[in-house]
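Enquirer: My questions will all concern the structure given below.
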Amino acid sequence: MDDHVGTSTESRALVRVPGPAVAGLFAALIPATSPTLSAQQPIPVSGEVTCADCVITLDTVATIGGREDFGLHVITPFSQVAVDRRGRVLVTHLSYPEISIFDLEGDFLGTVGREGDLPGEYDGIAHVNVGPRFVHVFEFHRGRTMLDLGFEVVRTDRSLGQVLSSVVIGSDEVAFAVPVPEPGAVGHLLRILDVRGRVTSFGGEGRGDPGPQLHRFVVAGDEEAFWAVRQQANRVVRWNLEPEPVVARVFDRTVEAFERDNPSDQLWPRALNVGAMLDDDGLWIAWQTPDPEWTERISPGGEIPEVPWQTVLDGWLDLVDPSTGQTLARYHGDDAVLGFAHGSRYVVSYHEPSEGGAYIRLLEPKLSRGQSPHDRLSKL
């Protein structure tokens, strides 16, 4: 197999060997012993906030857009954002075949990619993530293109299915969740894609299926754990990655504000988990709900109204204790939250002002304790 272009699939378990020279690479392959999807029973967890004096604030790191400039056509309520190790902000939109690049000052640096079928040319870009050495560009139907940090094509990997959310672990291995059609406590497979295009699947023998929108996942993780959060339900699954991936916990969280706007028979308007991020504070989950002032003015299942996006959506951010699934702290603001910028710990919010162009903000979440109730009223 060519080391630069090609694909292969492995269905065996990954064993990692410690040490800087081999971190994140396949050291050995052994027959899979990962559990079936229903091996872990869900643990019911209340979504009530457990830390009364914990406060989440969001500090603006960067503003992209809001002025006449090149590259801003990709800034919409459906933008995908990533931040690489050099502080460059990569913004994509599913309707365009290129990536717009900005710095943290908001200045446009150029575009990467164009429409076409050759390596480095794209159709619809579904998702972009970044690792320590590579940029991973996922198309809806044509797999992954891996770029170096100079945006030169390293390899392409086809026939991966749709990857809409991922986390980079180890030495640029990409982990993501693939829905499965059969019911189960987990409801997805874990797949790990390495830098040579090899895919290892965990969680059962099923092939996995893109499935309906109701079964999409947003994911987060680090070297030790992978977290999958169902987009339209509050089932949260933890996989332990060492010594080999196994399902460790399944939490069914009940969040009143989420459940109130979560009818099972319609896709719009409803509550939606839009992003996840793991850091030393815990598991962060970004979500949206319809603004209460608009709930009765929107036809269920009808067209999205042509008004500023933030007028019909509220943005939320939960900090979850990874050991218990309980909510430590919660943020609620008026502006639309799009999720997290991949490769970073920044929340992405979207704004449509009454004058000027649309823009996004990168916001750093911070947890503090002991503030007064008046200090807790922080808006995006």
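Enquirer: What is the set of long-range amide H partners of Arg249 at a cut-off below 5 Å, with H atoms built 1.01 Å from backbone N?
Expert: Arg238
Enquirer: Give me, ordered by chain and number, the residues 5 or more places off Val180 or on other chains with an amide H under 5 Å from its own placed amide H.
Expert: His188, Leu189, Asp209
Enquirer: Here's a follow-up. Report the label-to-label distance for Arg158 and Thr324 in nanometres (one decimal), using points 7 Å from each Cα along the Cα→Cβ vector.
Expert: Here the modelled spin labels are 5.2 nm apart.
Enquirer: Can you pull the one-decimal nm distance between simple spin-label points at Val307 and Leu149, each 7 Å off the Cα toward Cβ?
Expert: Going by the 7 Å Cα→Cβ label model, 4.6 nm.
Enquirer: Further, regarding this structure: Under the rule of at least 5 residues apart or a separate chain, name every residue whose amide H is placed under 5 Å from the amide H of Ala271.
Expert: Asp261, Asn262
Enquirer: Next question, about the same structure. So for the pair Asp103, Glu242, with labels modelled 7 Å out along Cα→Cβ, what separation do we get in nm?
Expert: 3.8 nm
Enquirer: Additional query: Can you tell me the FRET efficiency between Arg67 and Gln41 if r is taken as the Cβ-Cβ distance and R0 is 41 Å, rounded to the nearest 0.05? Each step should come with its number before you reach the end.
Expert: Numbers: r = 52 Å, r/R0 = 1.28.
Efficiency for this residue pair is about 0.20.
Enquirer: Once the principal axes of the Cα atoms of the stretch 76-133 are found, what is the range along each, listed largest first in whole angstroms?
Expert: 31, 28, 18
Enquirer: So how do 346-357, 229-240 stack up, highest first, on mean other-Cβ count within 10 Å? Could you put the intermediate results ahead of the total?
Expert: Working: 346-357: 17.8, 229-240: 21.2.
Sorting 346-357, 229-240 by mean packing, highest first, produces 229-240, 346-357.
Enquirer: Between the stretch 123-173 and the stretch 86-119, what is the C-alpha centre distance in whole Å?
Expert: Centre-to-centre (Cα) distance: 13 Å.
Enquirer: When the dipole is taken about the Cα centre of the stretch 53-177, and only Lys, Arg (+1) and Asp, Glu (-1) are charged at their Cβ, what size is it in debye, to the nearest 20? Intermediate results must be reported in sequence, preceding the final value.
Expert: Details: 10 positive and 19 negative charges, 60 e Å.
With Lys and Arg at +1 and Asp and Glu at -1, about 280 debye.
Enquirer: Residue-wise, which Karplus ³J(HN,Hα) couplings in Hz belong to the stretch 73-78, taking 6.51 cos²θ - 1.76 cosθ + 1.60, θ = phi - 60°, and x for glycine or proline?
Expert: So the J values, rounded to whole Hz, are 5, 7, 8, 9, x, 10.
Enquirer: Run the numbers for Glu259 and Asp279: contour at 0.36 nm per residue of separation, minus the present Cα-Cα distance, in nm. Don't skip to the answer; put the middle values down first.
Expert: Values: separation 20, 0.36 × 20 = 7.20 nm, distance 2.61 nm.
Computed gain between Glu259 and Asp279 is 4.6 nm.
Enquirer: If you don't mind, there's one more thing I want to ask. Which FRET efficiency value, to the nearest 0.05, do you get for Arg85 and Glu115 by plugging their Cβ-Cβ distance into 1/(1 + (r/R0)^6) with R0 = 25 Å? Intermediate values should be presented prior to the final figure.
Expert: Numbers: r = 28 Å, r/R0 = 1.11.
The calculated FRET efficiency here is 0.35.
Enquirer: Please give the contour-minus-distance gain from Thr60 to Ser95: 0.36 nm per residue of separation, less the Cα-Cα distance, rounded to one decimal in nm.
Expert: Details: separation 35, 0.36 × 35 = 12.60 nm, distance 2.74 nm.
Separation in residues times 0.36 nm, less the Cα-Cα distance, equals 9.9 nm.
Readers should treat all values here as calculations from the given coordinates under stated rules, not as data from a laboratory. Since the model is a prediction, treat every value here as computed from it, not as a measurement. Note: ideal-geometry Cβ built from the backbone for every residue, glycine included; neighbour counts use all protein chains shown.
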